[in-house]
Structure formats: C-alpha cells, structure tokens
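First comes the structure, then the notes that go with it.
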Amino acid sequence: MPRFLNRPGWALVAITLLGAALRCVAIDRLPPGLYHDEAYNGLDALNVLRGETPLYFPANNGREPLFIYLCSLSVAVLGPSPGALRIVSALLGTLTIPATWWLGRTLCGNRVGLLAAVLVAASVWPLNLSRVALRAVASPLLIAVFLALLWRGLNERRALTMVWAGLAYGLLFYTYLAARFTPLALAACLAYLAIWHRERLWARGLAVFAATTLAVAAPLGVYLASHGEVFGRAAQVSVFNPAISGGDPWRTLGRQVARTIGGLFWRGDFIPRHNVPLRPVFDPLTAAAFAVGVAVAGIGWRRRPALAVALIWTAVMLVPTVLAEDAPHFLRASGVLPVLYLLPAAGLDAAWTALSSRGLRVAGAVAVA
C-alpha cells in the first residue's frame, strides 16, 4: 500500500479538505436562487429566531425539525441569506466524509474507508445534496455515525457505545421522511446476523440501543401518531395512489424498480435541484467498481458480514424511491448514503488486492486512481 494511505489521518484530512472546497466555494450563489423548499426552511428558521419552537414544521407538506433548527443558528450568526442556509448543508455534507471513512474502516478496514470517503467527497449525488438547503442532507451523516457505533458496540460489548449509537439513530428520525424506513433496513441486517453470525449479536447491548433510540425519537413519534394528517404527503406520491399508477399499481411498481436500478448506471434523477438531470449515480468506471463490490458481497455473503450488511441496507433503503412517483428520486433515496459507496470502495479494494497479489502493486494503485 502507498505510504500515504498508511497514514490515514493525513489522507483523511486531505480528502475532507477536498470535499469541503467542493461544497463551500460560492455556496451563496451556486446553484443560483432558492428553490421553494429551501425558502420554506429559511422562513421557518426566521420564525424559530422569533421564538417559535415546534417539534414538527407542518407547512410545505410537513418537515422534520433538525435541519431547520441548525439553519436558525446559522441565520442568527450570518443573517438571512441563501448562503446562511446552504452553509449548513455544506458543513453537514463535509462532516459526512470523515463519518463515511469511520463507517468503512469500522466495517471493512481502513483502505475501504478511505476509498469510500473519496467517493463521497467528489461524487455528484452527495456533492449536490451538500449545496442545497434541503433537510435530507443530515441523514447520511447520522446513518454513518449510528451504524459505525452500533457495529463497534456489538464487537466490543460496550454499553456506552450502544447508548451513543441509539442517540445518533434517534436523532436520525428528526432529519427526513426516508428515515422512517430505516427500522426495516436495520431489522433485515440484524436478521441476517441472527441467522448466520449469531455470535456478533449482543442482546443486552441491543436492548440498551433500542431503549436509547426510543427515548430520543419518542417525542416526534408521539406527535406524528397524534397528527395523522402529516402522512398525507406519502399517500399523495405513492404508486398505490390511482392518480399516480393509472389504476395499475403492480405494473407501475415494476417500472419503478427498473427505473431505480437504472438510476445507478443509466438514467438518474431528472429534477435539477437533486442532480445533474438524468445523470446516473455512477460514472462508468465507478459503476464497474460497484458491480465488483456487489459481486464480492454476494459471493462472500456468509463470510463477510460487513459487506452483506451494506448490501442489505442499500437494497432496503432504495424502497422509498421505488414506492413513490418520479423514480429514481435522489432525495427519497438519500437513506442509502453513505452506505452505498462502501460497495464500489470494496470493489476497488478487491481489484487493488488482486493486482498486488500478482506483484503489480504500482499497477493496482494506478488502476484504482
């Protein structure tokens, strides 16, 4: 391995600075103007500064509060401007880079962590999400943190680590609608471990994790349960809404699945605030690395539980965009981030290892670069 990557601290600093530059330069004017969802967040941030402190913001189809409260702090310091809103996204997106490294390192080793961090730092999807003031940008950071803490807590059998994992996971529900699908992804991952790697589970630790999560998420959960109208947006965009499916939800669902998978390689989100219109998630070379990573995870699904968990999480967290109109919808699919990027990172790592084992260490490094 090149000496630079044997020094993960310096490598991570360089990667994070690159990601910060891409996210912060001209953040006040690029992209130009404010989309109306961003403007709603800004208006609510002003209301918070006037003394309003709701647990849930009902305007604009309803929004979770964490991002808006962070925007209010920024507006209080910088004044009301597009830059004051978007710098929050830029900072959250920048913090997601070292969080991705930590997640990758915890699950798969330092090199996978660094490669995943590079991909998150420079790929269009997470970069674009970091330059618009939309609340979904907070989700990838908390997903990376809670999964890394949970995996570490299970491995080390440390109750305090499980408390921190539960705190991060509970806060995730205050970020964006797609977080409500994460219990399904987490349950699928734990079921896999229970069947094939039961020794990795720790009942007492999971109880501590669950109790902490419930304590943190309960206030929002109670509010949502007592205000059924907040679920109206999901019904509006569901493929099971006749206005969306044209009375044929199952054929529509099949198209949605194909479009979501195609969004990774062929035709991405067409909405300009989410993506360079129609650009897929992966460029051809990264798509090839992703395919290798999926193959490595699939072939070694029993002996490499970390990659199996990444694959399961990615598959389940694509469900929100499958079940709603306009697939692939990168905002609704944001719950796959940053776990998704562990798979091409694992593919690059496998290619690097294979070439190095044949005496082609320099060629492996060049190929990955």
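Can we say ALA210 is within 23 Å of the chain's Cα centre (by Cα), closer than 20 Å to ALA148 by Cβ and surrounded by fewer than 18 Cβ atoms within 10 Å (Cβ to Cβ)? Steps first, answer last, please.
Numbers: within 23 Å of the chain's Cα centre (by Cα): yes; closer than 20 Å to ALA148 by Cβ: yes; surrounded by fewer than 18 Cβ atoms within 10 Å (Cβ to Cβ): yes.
Yes; evaluated as a whole, the condition is true for this residue.
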Fill in the blank from the handout: Selection over region 137-168 where residues are in contact (Cβ under 8 Å) with a residue 40 or more places away in the chain, crowded, with 24+ Cβ neighbours inside 10 Å and over 17 Å from ILE97 (Cβ atoms) yields a count of 4
Handout entry: Filtered residues of region 259-270 (kept if closer than 21 Å to PRO32 by Cβ and in contact (Cβ under 8 Å) with a residue 60 or more places away in the chain)
Key = ASP269
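Out of the residues in region 118-136 meeting the condition of being polar (S, T, N, Q) and outside any helix (DSSP H, G or I), tell me which one is least open to solvent (accessible area, probe 1.4 Å). Don't jump to the end; show me each part of the working.
First pass over region 118-136, keeping only residues polar (S, T, N, Q): 123, 128, 130.
Among the residues that remain, those that are also outside any helix (DSSP H, G or I) are: 123, 130.
Working: SER123: 22, SER130: 3 Å².
Across region 118-136, the extreme among qualifying residues is SER130.
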Exercise for the section: Kindly indicate whether ALA90 is part of a helix (DSSP H, G or I) and either in contact with a Leu (Cβ under 6 Å, 6 or more places away or on another chain) or acidic (Asp, Glu) (or both). Expected result: no
Completion exercise
Among the residues of region 264-275, the number that are closer than 16 Å to SER334 by Cβ and not small (Gly, Ala, Ser) is 6
Fill in the blank from the handout: Per the filter on region 188-205, residues without any contact (Cβ under 8 Å) to a residue 60 or more places away in the chain and open to solvent by 60 Å² or more (accessible area, probe 1.4 Å) are ILE195, ARG198, GLU199, ALA203, ARG204
Exercise for the section: Looking only at region 90-112, decide whether some residue is among the β-branched types (Val, Ile, Thr), more than 23 Å from PRO344 (Cβ to Cβ) and in contact (Cβ under 8 Å) with a residue 40 or more places away in the chain. Expected result: no
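Can you confirm whether ARG279 is surrounded by fewer than 19 Cβ atoms within 10 Å (Cβ to Cβ), in contact with a helix residue (DSSP H, G or I) (Cβ under 8 Å, 6 or more places away or on another chain) and closer than 25 Å to LEU147 by Cα? Talk me through it step by step, then tell me what you get.
Values: surrounded by fewer than 19 Cβ atoms within 10 Å (Cβ to Cβ): yes; in contact with a helix residue (DSSP H, G or I) (Cβ under 8 Å, 6 or more places away or on another chain): yes; closer than 25 Å to LEU147 by Cα: no.
Criteria not met by ARG279.
The values are calculated or read from the model by the stated rules, or taken from the named source; none is laboratory data. All values derive from a computational prediction rather than experimental measurement. Every residue, glycine as well, gets a Cβ built from its backbone with ideal geometry; the counts of neighbours run over all protein chains shown. Note: accessible area is taken over every heavy atom of the protein model, side chains too, but ligands, DNA and RNA are not part of it. Shrake-Rupley method; radii C 1.70, N 1.55, O 1.52, S 1.80 Å.
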